[in-house]
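Trainee: My questions all concern the structure below.
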Amino acid sequence: MSEITEKMKVEKNVLTTLKGIFDPEIPVNVFDLGLIYEIDVQEDMKVTIIMTLTAPNCPVAESLPNEIKEKVANTDGVNDAEVEMTFEPPWNQDMMSEEAKLDLGFL
């Protein structure tokens, strides 16, 4: 399989994993909630996730990034995972998917 095809497969697997991880306070997965800013699959199949939280003082500020790192690292095709936190740009409700907005009654 070509490297590009393999990276695309791994990225799809990571996306599936992320859609199975939910913010414990909001019944929406972290991807549709808009917390994932970037998924970078490198040639060695190491995945770097750049993410944010709904607020810097979020009660799951310690546990959620660790959960994401652990679950992504155990995703099929991934050799290693790293999670980088950022608060730029700050999260806001516009970052949610249409589905998440609908689920939460914003539409």
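The values are calculated or read from the model by the stated rules, or taken from the named source; none is laboratory data. The structure presented is a predicted model; accordingly, all values stated were derived computationally and were not measured. Cβ atoms come from the backbone with ideal geometry, glycine included; neighbour counts cover every protein chain shown.
Trainee: Can you name every residue in the range 54-95 that is farther than 19 Å from V14 by Cβ and among the hydrophobic types (A, V, I, L, M, F, W, C)? Let's see the steps before the verdict.
Mentor: Taking the range 54-95 as the starting set, the residues that turn out to be farther than 19 Å from V14 by Cβ are 54-63, 87-94.
If the condition is that a residue be farther than 19 Å from V14 by Cβ and among the hydrophobic types (A, V, I, L, M, F, W, C), then A55, C58, V60, A61, F87, W91 are the ones that fit.
Trainee: List pairs: first residue in the range 78-107 and part of a strand (DSSP E or B), second residue of a type in the set (S, T, N, Q) anywhere in the structure, Cβ distance under 8 angstrom, at least six positions apart or on different chains.
Mentor: Pairs found: A81/T48; A81/T75; E82/T48; V83/T48; V83/N66; E84/T48; M85/T52.
Trainee: Here's a follow-up. Mind counting the residues in the range 1-22 that are among the polar types (S, T, N, Q), surrounded by 13 or more Cβ atoms within 10 Å (Cβ to Cβ) and over 10 Å from the mean Cα position of the chain (by Cα)?
Mentor: In the first step, residues of the range 1-22 are kept if they are among the polar types (S, T, N, Q); the result is 2, 5, 13, 16-17.
Next, only the ones that are surrounded by 13 or more Cβ atoms within 10 Å (Cβ to Cβ) stay: 13, 17.
Filter once more, keeping what is over 10 Å from the mean Cα position of the chain (by Cα): 13.
So the count comes out to 1.
Trainee: Separate question: If you check D94, D80, D23, which single one turns out to be within 30 Å of S2 (Cβ to Cβ) and charged (D, E, K, R)?
Mentor: Numbers: D94 fails: within 30 Å of S2 (Cβ to Cβ); D23 fails: within 30 Å of S2 (Cβ to Cβ).
Going through D94, D80, D23 in turn, just one is within 30 Å of S2 (Cβ to Cβ) and charged (D, E, K, R): D80.
Trainee: Going through M51, M85, M95 one at a time, which residue ends up being in contact with a Gly (Cβ under 6 Å, 6 or more places away or on another chain) and either at pLDDT below 95 or within 15 Å of D23 (Cβ to Cβ) (or both)? Quick ask: steps written out before the conclusion?
Mentor: On the way: M51 fails: in contact with a Gly (Cβ under 6 Å, 6 or more places away or on another chain); M85 fails: in contact with a Gly (Cβ under 6 Å, 6 or more places away or on another chain).
From the options M51, M85, M95, the qualifying one is M95.
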